[in-house]
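The values are calculated or read from the model by the stated rules, or taken from the named source; none is laboratory data. Predicted model, so just to flag it, every value in this text is computed and none were measured. All Cβ positions, glycine included, derive from the backbone under ideal geometry; neighbour counts span all protein chains shown. Accessible surface is based on the protein model in full, side chains and every heavy atom, while ligands, DNA and RNA are left aside. Shrake-Rupley method; radii C 1.70, N 1.55, O 1.52, S 1.80 Å.
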Amino acid sequence: SKAQIVKLLIDAKSPQQQIKCLDTLKSIAAENATNKRCMESSGAVEFLASIVCNYDPTATEESLDYEFDSIKPIDEALSILYSLQLSEASLKNLMGKNGDFILSLTRVMQRGSYESRAYAVLLLKSMAEIADPMQLINFRPQLFIELVQVLRDQISKQASKATLQLLVSICPWGRNKIKAAEAGVVPVLIDLLLDSSSERRACEMILTVLDAVCGCAEGRSELLKHGAGLAIVSKKILRVSQVASERAVRILLSIAKFCATSKVLQEMQQLGVVAKLCLVLLLDCGSKTKEKAREVLKLHARVWKNSPCMPTNLVSSYPA
């Protein structure tokens, strides 16, 4: 009952009692959805959030209380918070703590266990879904650094998927695309695309984030700096899905518009990017994608159209 949960929370004063309390809360939450809602209305979310906010990685590492104990309060608190499937009101409440809770989750992602880092990302994704634009714009650069590190470490499929979903939702806002580019997201995303085991949905999300980040000069520069950047983006056109093709063509349009040095244009020709775009015009792959492909080809027709690198069977499809 609500009274029992309130008493449990009040009694959790010492670290040992805290562990017992967390253990009991975990069992209560696991029983059914009614218990989860009861916990939410009894102050359990605030109690769990306070454990996250008080997380001090150095103190935890040195603490005698946990030295021989595999259970750490932070791991349990995050696990329970995620399992509660918090209501929008609770998520908004966590979001509204002057950014303190997000700062605490960032700290967990920096120094926490793999499990805690995964739960931190999953909670952040849920919070970002209900956040208002101003809150998303105020995400700090350090958060982007930790998100990139989660992708790099490949903690778990679920954590990588949640990180990509989070980046898809937050990169378009304000300077977030610049923060993501400066955090090193572009080479990590390209390396993920190069991994042939990437699923269709993962490919689509990676290309969506790349498209957003290529909306800034820093992102485009990072894409061109990577030896396989242009090649892998082009390769995904017509091979994954219409969504992936559209995002990939949009990325190429950003490059063609803002980074069109003779070296880049020559590279696009030699890598078969231009031929791939001509192929897009011949095949059924959505009017938006065709429109963008046509725009790229028209931008640099003088360089590409009569080039000896242009496959003869595709010259006729080059837009006038």
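Yes or no: residue 154 modelled with pLDDT of 95 or more and more than 30 Å from residue 21 (Cα to Cα)?
So residue 154 fails the test.
Determine if the stretch 199-222 includes at least one residue that is assigned to a loop (DSSP other than H, G, I, E, B), modelled with pLDDT under 95 and closer than 16 Å to residue 244 by Cα.
Within the stretch 199-222, one or more residues are assigned to a loop (DSSP other than H, G, I, E, B), modelled with pLDDT under 95 and closer than 16 Å to residue 244 by Cα.
Of the numbered conditions (1) open to solvent by less than 10 Å² (accessible area, probe 1.4 Å); (2) within 16 Å of residue 210 (Cβ to Cβ); (3) touching a Lys or Arg at 6+ places or on another chain (Cβ under 8 Å), residue 109 fails exactly one; give the number of that condition.
That leaves (2) as the condition not met.
What's the total number of residues in the stretch 283-313 that are under 18 Å from residue 240 (Cα atoms), part of a helix (DSSP H, G or I) and open to solvent by 100 Å² or more (accessible area, probe 1.4 Å)?
1
Would you check if there is a residue in the stretch 181-194 being open to solvent by less than 60 Å² (accessible area, probe 1.4 Å), within 19 Å of residue 138 (Cβ to Cβ) and over 11 Å from the mean Cα position of the chain (by Cα)?
Looking through the stretch 181-194, at least one residue is open to solvent by less than 60 Å² (accessible area, probe 1.4 Å), within 19 Å of residue 138 (Cβ to Cβ) and over 11 Å from the mean Cα position of the chain (by Cα).
Given (1) buried (at least 16 other Cβ atoms within 10 Å of the Cβ); (2) assigned to a helix (DSSP H, G or I), where does residue 129 come up short, assuming only one miss?
Among (1) buried (at least 16 other Cβ atoms within 10 Å of the Cβ); (2) assigned to a helix (DSSP H, G or I), residue 129 violates only (1).
Please indicate, with yes or no, whether at least one residue in the stretch 257-271 is outside any loop (DSSP other than H, G, I, E, B) and acidic (Asp, Glu).
Yes - at least one qualifying residue is present in the stretch 257-271.
For residue 280, which of the numbered conditions (1) surrounded by 15 or more Cβ atoms within 10 Å (Cβ to Cβ); (2) over 30 Å from the mean Cα position of the chain (by Cα) fails to hold?
(2)
Collect the residues in the stretch 12-44 that are without any contact (Cβ under 8 Å) to a residue 40 or more places away in the chain, more than 22 Å from residue 89 (Cβ to Cβ) and open to solvent by less than 70 Å² (accessible area, probe 1.4 Å), keeping them in residue-number order.
12, 14, 21, 24, 27
Please go through the stretch 150-164 and give me each residue that is open to solvent by less than 60 Å² (accessible area, probe 1.4 Å) and not in a loop (DSSP other than H, G, I, E, B), ordered by number.
Once the filter is applied, which keeps residues that are open to solvent by less than 60 Å² (accessible area, probe 1.4 Å) and not in a loop (DSSP other than H, G, I, E, B), the stretch 150-164 yields 150, 151, 153, 159, 160, 162, 163, 164.
Yes/no matrix, rows are residues, columns are (1) under 19 Å from residue 171 (Cβ atoms); (2) open to solvent by 20 Å² or more (accessible area, probe 1.4 Å); (3) of a type in the set (D, E, K, R):
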site: 201; (1), (2), (3): yes, yes, yes
site: 244; (1), (2), (3): yes, no, no
site: 250; (1), (2), (3): yes, yes, yes
site: 263; (1), (2), (3): no, yes, yes
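One line per residue, one yes/no per condition, for (1) of a type in the set (Val, Ile, Thr); (2) assigned by the TED database to the domain that holds residue 75; (3) at pLDDT 90 or above:
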| position | (1), (2), (3) |
| --- | --- |
| 2 | no, yes, no |
| 13 | no, yes, no |
| 23 | no, yes, yes |
| 30 | no, yes, yes |
| 37 | no, yes, yes |
| 63 | no, no, no |
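Please go through the stretch 225-246 and give me each residue that is closer than 18 Å to residue 282 by Cα, part of a loop (DSSP other than H, G, I, E, B) and in contact (Cβ under 8 Å) with a residue 40 or more places away in the chain, ordered by number.
236, 237, 238, 240, 241
Which condition number in (1) under 17 Å from residue 213 (Cβ atoms); (2) open to solvent by 40 Å² or more (accessible area, probe 1.4 Å); (3) of a type outside the set (Asp, Glu) is the one that residue 136 fails?
(2)
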